[in-house]
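The values are calculated or read from the model by the stated rules, or taken from the named source; none is laboratory data. Bear in mind the structure is a predicted one, so any value in this text is a computation, not a measurement. Ideal geometry is used to build each Cβ from the backbone, glycine not excepted, and the neighbour counts take in all protein chains shown.
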Amino acid sequence: MAQVSLKNVSKSFTGDANAVNKVNLGIENKEFMVLVGPSGCGKSTTLRMIAGLEEISEGQIYIGDKLVNDVPAKDRDIAMVFQNYALYPHMTVFENMSFGLRLRRYSKPEILQRVNSAADILGIKHLLGRRPRELSGGERQRVAVGRAIVRKPLVFLFDEPLSNLDAKLRVQMRTEIHKLHIRLQATIIYVTHDQVEAMTMGDRIAVMKDGVLQQVADPITIYDKPKNKFVAGFIGSPPMNFMNGRIIKKDSRLYFDEGKLMVKLVEDMLDRITPYVGKEIILGIRSEDIYDKLFVSEAPPENIVRVNCEVYEPMGSEVYLYLNTGKHTFVARVGAHDRPKVNQDMDLVFDMSKVHFFDKDTEETII
Ligand SMILES: Nc1ncnc2c1ncn2[C@@H]1O[C@H](COP(=O)(O)OP(=O)(O)OP(=O)(O)O)[C@@H](O)[C@H]1O
Ligand SMILES: [Mg+2]
């Protein structure tokens, strides 16, 4: 069993603000957990503490049932794949992959068997005699993964392993690591700042900001029910649109009034939003929940907003509209055929059953 648990784990480098702040996180056996967040939020530091490469300032880390705070890295039975691969330049691929096993004095037939089997899985058998400089970025990445696989560790730690690859190769390697996870049935903790990688690869995603864990959940929950404005804005592309405004009551109905546009709230939000009547609030709406009125057969008139279309970007399968209410700019994702006139007003429909509201002061999700 290789579950990993972090209990109130903190790290401070300088004594002031914690790089990692009281993180509680349980990673289940065989789970693919993605740690995601902006640069400097403490992802690598968290991973390095799990690996034993960084001392823990406070809290406990368990691998399996064992408290590992004082266990040296080499005895933790984990393998880490770094962003820069960290291959030995003077060694061949075979030597790089077998290095850890040789250090641990595995028998020659055992080493041969493990390296060949890993090379087979990764499709790099033909590269075993080459040195790292004779490999492409993607091939080096595979060797780095291979070196981790041959160890048959309890837990794999990946720190942004795909960030040096070009966009196409990154997508390809993403699927391969995914397949590898299924094949190896291993526990994986994978760090990235790329929210698409997080969404597509993780069984669960842990979102971090400023050393603090914001939300841990499966990708769809993170997307549909973000815990706060930060998570809502970080996950999703293009990012969720936010508008500041006020809740007003008219004829016993509630509306969100942005100043330039106004939309009516749906029934089942009333309970939660009523305490905000007369108060400022933040509305969030994803670009795919906004439609061009021309293509909606029966739009409720209260959900129609008139805005200026400043730019449109054809993406092939769809079009991004960059819009301006006069107070806020926002993005809508519409069908590929939809090419409104630039710099003219157009009518859009907000799917009000899909909007989110955030408290203006705490930025926590209200609904
Ligand atoms: N050895 C160190 N000494 C002092 N501060 C450090 C050290 N390592 C990291 N930090 C600080 O700790 C914070 C978290 O760093 P960390 O490397 O964990 O971020 P990250 O989330 O991995 O970012 P990135 O996406 O840029 O890799 C940062 O503010 C960083 O400056
Ligand atoms: Mg990092």
| remark: Checking Leu25, Leu53, Leu47, Leu6 in turn, the sole residue that is touching a residue at least 12 places away in the same chain (Cβ under 8 Å), under 22 Å from Ala198 (Cβ atoms), within 15 Å of ligand 2 (Cβ to nearest atom) and not basic (Lys, Arg) turns out to be Leu47
| Does Asp257 meet the test of being at pLDDT 95 or above, of a type outside the set (A, V, I, L, M) and not assigned by TED's automatic domain parsing to the domain that holds Lys227? | yes
| remark: Among residues of the range 186-211 being more than 16 Å from ligand 2 (Cβ to nearest atom) and hydrophobic (A, V, I, L, M, F, W, C), the residue farthest from Phe234 (Cα to Cα) is Ala186
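To keep it simple, each residue is scored yes or no on (1) farther than 27 Å from Thr46 by Cβ; (2) surrounded by 13 or more Cβ atoms within 10 Å (Cβ to Cβ).
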{"residue": "Asn69", "(1), (2)": "no, yes"}
{"residue": "Pro89", "(1), (2)": "yes, no"}
{"residue": "Thr92", "(1), (2)": "yes, yes"}
{"residue": "Ser98", "(1), (2)": "yes, yes"}
| task | Kindly provide the set of residues from the range 237-260 that are farther than 12 Å from Lys360 by Cβ, out of contact with any Asp or Glu (no Cβ under 8 Å at 6 or more places or on another chain) and aromatic (Phe, Trp, Tyr), ordered by number. | result | Phe256
| query | Hey, among the residues in the range 308-366 that are in contact with a Leu (Cβ under 6 Å, 6 or more places away or on another chain) and of a type in the set (Ser, Thr, Tyr), which one's farthest from Ile273 (Cα to Cα)? | reply | Tyr312
| said: Out of everything in the range 181-215 that is β-branched (Val, Ile, Thr) and surrounded by fewer than 21 Cβ atoms within 10 Å (Cβ to Cβ), what residue ends up being farthest from ligand 1 (Cβ to nearest atom)? | reply: Ile182
| said: Which pairs turn up if I take residues in the range 57-68 that are closer than 18 Å to Leu157 by Cα and look for partners that are among the acidic types (Asp, Glu) and modelled with pLDDT under 95 with beta carbon separation below 9 Å, at least 6 apart in sequence or on another chain? | reply: Ile63/Asp77; Gly64/Asp77; Val68/Asp75
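Results for (1) in contact with a strand residue (DSSP E or B) (Cβ under 6 Å, 6 or more places away or on another chain); (2) more than 22 Å from Gln83 (Cα to Cα), shown as yes or no for each residue.
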{"site": "Ala2", "(1), (2)": "yes, yes"}
{"site": "Leu6", "(1), (2)": "yes, yes"}
{"site": "Ser10", "(1), (2)": "yes, yes"}
{"site": "Val20", "(1), (2)": "yes, no"}
{"site": "Arg48", "(1), (2)": "no, no"}
{"site": "Glu54", "(1), (2)": "no, no"}
| said: Step by step: first the residues of the range 155-169, then only those that are modelled with pLDDT under 85 and not small (Gly, Ala, Ser), then the one that is nearest to ligand 2 (Cβ to nearest atom). Which residue is that? | reply: Asn164
| task | Within the range 277-291, identify whether any single residue is crowded, with 18+ Cβ neighbours inside 10 Å, out of contact with any strand residue (DSSP E or B) (no Cβ under 6 Å at 6 or more places or on another chain) and not small (Gly, Ala, Ser), and answer yes or no. | result | yes
| Since Glu364 meets every condition but one in (1) within 22 Å of Ile247 (Cβ to Cβ); (2) modelled with pLDDT of 95 or more; (3) surrounded by fewer than 16 Cβ atoms within 10 Å (Cβ to Cβ); (4) assigned by TED's automatic domain parsing to the domain that holds Gly245, which condition does it not meet? | (4)
| query | Quick one: what pairs do we get from the range 287-314, first residue touching a residue at least 60 places away in the same chain (Cβ under 8 Å), second loosely packed, with under 15 Cβ neighbours inside 10 Å and not hydrophobic (A, V, I, L, M, F, W, C), C-beta under 8 Å, 6+ apart or different chains? | reply | Asp289/Lys354
| Spans of strands (runs of 3 or more DSSP E) in the range 249-359 with at least 1 residues farther than 26 Å from Ser237 by Cβ | 253-257, 262-264, 280-285, 304-314, 344-350
